[in-house]
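Contents: one structure, followed by commentary.
The values are calculated or read from the model by the stated rules, or taken from the named source; none is laboratory data. Quantities reported herein were computed from a predicted structural model and do not represent experimental measurements. Methodologically, a virtual Cβ is constructed for each residue, glycine included, from the backbone with ideal geometry; neighbour enumeration extends over all protein chains shown.
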Amino acid sequence: MLKNKNVLKFRGTYITYNPEFKIKAVDQYLNKRMSPKEIFKQAGFNLNTIGEVKPKYLLHDWRIVFKDKGINGFKIEMRGRGGGRRKKIKENLTDEEKIKRLKLEVLYLKKEDIFLAKLRAKRAE
C-alpha cells in the first residue's frame, strides 16, 4: 500500500491519502465526471483491498471538505479533530434571534439543573 504515491500513511486498516490525490480526485469527479471507482482504479488502488464502496464514501467526504474549506482543507489532517461538520453558529444574529437562542439556553440549563438535583438526591438515598 505504501508503494502507491497517493498514500501518505498506512496503518492497519487506516489509510491517509496524499492531499494532492484528494484534490485531483475531487477535480476528476466534479469536472471530468469520473466515477469514484474509476478514480481509485486509475490511481493504482485495488478495490478488493480497500473495499468496493470506500471510494464513494471518501469522495463524498472530500467534496464536503472542498466545498467548506477549498483546497486548503486538504492540507491539514482532520481525523480526530471533532468532526468539523457541526453547524456553525451565526455570528451576525439579530437581537430577536439572540433573545430566542438565550431563552433556549436558559431553558436547557434549568432542565439540566433539575436533572442533576434529582440525580444527587438519588445518590444521597
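Numbers at a glance
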quantity: Hits in the stretch 1-42 - residues which are closer than 19 Å to residue 75 by Cβ and in a loop (DSSP other than H, G, I, E, B); calculated: 5, 6, 18
quantity: When residues of the stretch 75-99 are limited to those that are modelled with pLDDT of 85 or more and surrounded by 10 or more Cβ atoms within 10 Å (Cβ to Cβ), the one farthest from residue 24 (Cα to Cα); calculated: 99
quantity: The listed residue being modelled with pLDDT under 90 and within 19 Å of the chain's Cα centre (by Cα), out of 51, 70, 12; calculated: 70
